[in-house]
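To start, the structure itself, in structure tokens.
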Amino acid sequence: MTDTTRTQTDLERQIAQASQDVKEARSPIDSTTTQTAVKDIVEAYPAKVGKKRAKHIVVRDPNIPEQTIEANVRTTPGIITQRGCAFAGCKGVVVGPIGDVVHIVHGPVGCSYYSWLIRRNQFRARANGRNFVNYCFTTDLTEHDIVFGGMNKLRQAIQEAYDLFQPPAITVHSTCPVGLIGDDIQGVSREMSEKLGISIVAFNCEGYKGVSQSAGHHIANNGFFKNWIGTNEEAEEVEGYTVNLMGEYNIGGDTWEIERVLEKCGIQVISKLSGDGSYDEATESHLAKLNLVMCHRSINYMADMMETKFGIPWIKVNFIGVNAFAKSLRKIAEVFDDPELTERIETVIAEEMAETEAQLATYRERLTGKTVFLFVGGSRAHHYQELFADLGMKTVVAGYEFAHRDDYEGRDALPNIKIDADSRNIEEIHVKQDPERYNPPFSEEALAKMETNNTLKDYKGMMPDMGEGTLLVDNISHHELDVLIERFKPDLIGSGIKDKYVIEKLGIPCKQLHNYDYGGPFAGFRGAVNFAKDVDLRVNTPVWKYVKAPWLN
């Protein structure tokens, strides 16, 4: 290692420590204000509702080793929530980003439009030139179809899509009315698959299945695994350090920035599930030696099933944030345990860190000490705390829309989570070892060592990374958000489209972290610089002090 690299590593240590100090710091909001806000939020509800919501709101106390929070239960009717439906989680989040496959929505046009390009998933066509992400395919069911059935319309749609676009595969997604009238999308898909000679996978992801998008993620994982994952049995083994990038959806080009750094380290991505993902790559995903899980909530089912069937281990990574990216790269190096790869990764980290820090320093001066709320998805509210900490910004309130308890408390909580009736609506696939293709890429001794070091299948959740006195709010409502904005007066809120403009009418800038508004990439080293520019422009513009909510005048 050169003197230059060694100096840069020292710089990195200083930056990493500063970032860690921000995360671990006590909330700047005094405890009385926090406790009063929580009390006022709960007491505004009817007694039964307040009792339920109180379990979803936790003031972080590191002195309590096993703090718990309620999650993944039905939203109380009448509460304005950020959540989406199972259809949104299946088609909109997990399946839709596969760019060379035609995705047909079987239902009224509204659901089709809702899931069309809303997350800005990007895709680069492969050699065959197929790229369908800009299209919206729908059967456009009408009142007539609801009365008399829409299966013939679905057959026609599949045939037309095949004739026009010649895709390697087609998916079909049912919406609420289809589930209610009982159209057999599985039967039609099997029939048309035999007729056309391509894979046609149907997902019964009616919006009412499950309590949130999370149910749709699980349905999508099951459909992918049963029909696509590892189905190319003729694919030849790939030498070198090979991985699958899972639970990363290429919003604003994030996946490409992550791939750039991985390739620079000498790590080859076999498949991506599902941002910038393709059908052929999914069928060859069993060739990877390691699965990298970004969004734990949306893809952990797949990671577990692939480990059971093919012997591919998985690790939790976070490529959002400079220090988080560096830690994830070192985790990959630990798994492959090759001195040559480790040295290359350290060199890449040093180079990227020095280049990035030269640009971040100026923004950090203007952003240090600012406070943030984060209410995003099932992993982003955790991931982005790392990036905000890199900029000196403290997350004082955070929560997920559709998380389960293990996303907050870590996977150690899994044995204590009760499976309720809503969760039982989703099929649990019983996976067995593939007798011919089960081939763990690492020795039993190496795997045992990694298990001991908590390298594999380990996720501590968001809660341990939040400092004392910070607030965790699961499935936040608009009422709760209004109270917290009024009392805590954050400098920025990272959230979604449903509450973006309500927040900004209150004079607080809001950064959409579901689709990045019109920005990105924000992942990786260069993405951190893009994000710093974006946040600096939002937070430090004087316009917000002139904004007054019309309902407060």
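Quick look at the values:
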quantity	calculated
Some residue of the range 219-229 being over 17 Å from VAL101 (Cα atoms) and either in contact with an Asp or Glu (Cβ under 6 Å, 6 or more places away or on another chain) or not β-branched (Val, Ile, Thr) (or both)	yes
Per-region count, the range 520-529, residues crowded, with 20+ Cβ neighbours inside 10 Å and assigned to a helix (DSSP H, G or I)	4
In the range 232-283, the residues that are part of a strand (DSSP E or B), under 19 Å from PHE123 (Cβ atoms) and open to solvent by less than 10 Å² (accessible area, probe 1.4 Å)	ASN244, LEU245, MET246, GLY247, GLU248, ILE251, SER271, LEU273, SER274
Count - residues of the range 306-337 that are open to solvent by 20 Å² or more (accessible area, probe 1.4 Å) and part of a helix (DSSP H, G or I)	8
Residue in the range 58-66 that is touching a Ser or Thr at 6+ places or on another chain (Cβ under 9 Å) and over 30 Å from LEU471 (Cβ atoms) present	no
Qualifying residue in the range 60-81 (condition: within 23 Å of ASN300 (Cα to Cα), at pLDDT 95 or above and more than 23 Å from the chain's Cα centre (by Cα))	yes
Subset of the range 476-507 (residues that are assigned to a loop (DSSP other than H, G, I, E, B), modelled with pLDDT of 95 or more and open to solvent by 10 Å² or more (accessible area, probe 1.4 Å))	LYS489, ASP491
Matching entry among GLU355, GLU346, GLU340 (being in contact with a Ser or Thr (Cβ under 8 Å, 6 or more places away or on another chain), part of a helix (DSSP H, G or I), of a type in the set (Asp, Glu) and surrounded by fewer than 23 Cβ atoms within 10 Å (Cβ to Cβ))	GLU346
Test result for LEU456, more than 30 Å from LYS52 (Cα to Cα) and in contact with a Leu (Cβ under 9 Å, 6 or more places away or on another chain)	yes
Selection within the range 95-118 - over 13 Å from TYR279 (Cα atoms) and in contact with a His (Cβ under 6 Å, 6 or more places away or on another chain)	VAL105
Number of positions in the range 42-59 that are more than 25 Å from ALA389 (Cβ to Cβ), among the hydrophobic types (A, V, I, L, M, F, W, C) and under 28 Å from the mean Cα position of the chain (by Cα)	1
Filter pass, GLU468 being free of Cβ contacts under 8 Å to residues at least 60 places away in the same chain and open to solvent by 10 Å² or more (accessible area, probe 1.4 Å)	no
Every pair of residues 6+ apart whose Cβ atoms lie under 7 Å, when the first sits in the range 28-47 and is on the phi > 0 side of the Ramachandran plot and at pLDDT below 95 while the second is exposed (fewer than 13 other Cβ atoms within 10 Å of the Cβ) and among the small types (Gly, Ala, Ser)	none
Test: residue in the range 141-162 that is hydroxyl-bearing (Ser, Thr, Tyr) and more than 24 Å from PRO177 (Cβ to Cβ)	yes
For THR139: the one exception among (1) closer than 17 Å to VAL201 by Cβ; (2) surrounded by fewer than 16 Cβ atoms within 10 Å (Cβ to Cβ); (3) among the hydroxyl-bearing types (Ser, Thr, Tyr)	(2)
Odd one out for ARG119 among (1) basic (Lys, Arg); (2) more than 29 Å from VAL376 (Cβ to Cβ); (3) open to solvent by less than 50 Å² (accessible area, probe 1.4 Å)	(2)
Residue match in the range 416-428 (condition: in contact with a Gly (Cβ under 6 Å, 6 or more places away or on another chain) and either open to solvent by less than 50 Å² (accessible area, probe 1.4 Å) or in a helix (DSSP H, G or I) (or both))	yes
Filter result (in a loop (DSSP other than H, G, I, E, B) and either under 18 Å from the mean Cα position of the chain (by Cα) or among the aromatic types (Phe, Trp, Tyr) (or both)) within the range 449-475	LYS457, ASP458, TYR459, LYS460, GLY461, MET462, ASP474, ASN475
Failed condition for LEU292, given (1) within 14 Å of the chain's Cα centre (by Cα); (2) open to solvent by 10 Å² or more (accessible area, probe 1.4 Å)	(2)
Any hit, the range 379-396, residues being part of a helix (DSSP H, G or I), small (Gly, Ala, Ser), free of Cβ contacts under 8 Å to residues at least 40 places away in the same chain and under 30 Å from ALA16 (Cα atoms)	no
Residue match in the range 366-378 (condition: modelled with pLDDT under 95 and closer than 21 Å to SER27 by Cβ)	yes
Selected residue (only one of VAL95, VAL49, VAL59 is open to solvent by less than 20 Å² (accessible area, probe 1.4 Å) and not acidic (Asp, Glu))	VAL95
Positions within the range 164-214 being of a type in the set (Gly, Ala, Ser), in a loop (DSSP other than H, G, I, E, B) and buried (at least 24 other Cβ atoms within 10 Å of the Cβ), in sequence order	GLY210, SER212
Qualifying residue in the range 219-226 (condition: part of a helix (DSSP H, G or I), surrounded by fewer than 17 Cβ atoms within 10 Å (Cβ to Cβ) and without any contact (Cβ under 8 Å) to a residue 12 or more places away in the chain)	no
Some residue of the range 543-550 being open to solvent by 20 Å² or more (accessible area, probe 1.4 Å), hydroxyl-bearing (Ser, Thr, Tyr) and part of a helix (DSSP H, G or I)	yes
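Condition check ((1) open to solvent by less than 10 Å² (accessible area, probe 1.4 Å); (2) touching a Leu at 6+ places or on another chain (Cβ under 9 Å); (3) within 30 Å of ALA398 (Cα to Cα)) across all residues:
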{"position": "ILE69", "(1), (2), (3)": "yes, yes, yes"}
{"position": "GLY78", "(1), (2), (3)": "no, no, yes"}
{"position": "CYS111", "(1), (2), (3)": "no, no, yes"}
{"position": "TYR135", "(1), (2), (3)": "no, no, no"}
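The values are calculated or read from the model by the stated rules, or taken from the named source; none is laboratory data. As the structure is a prediction and not an experimental result, all values here were calculated from the model. In this analysis, Cβ positions are derived from the backbone assuming ideal geometry, glycine residues included, and neighbour counts consider all displayed protein chains. Areas reflect the complete protein model, heavy atoms only, side chains present, ligands, DNA and RNA absent. Shrake-Rupley method; radii C 1.70, N 1.55, O 1.52, S 1.80 Å.
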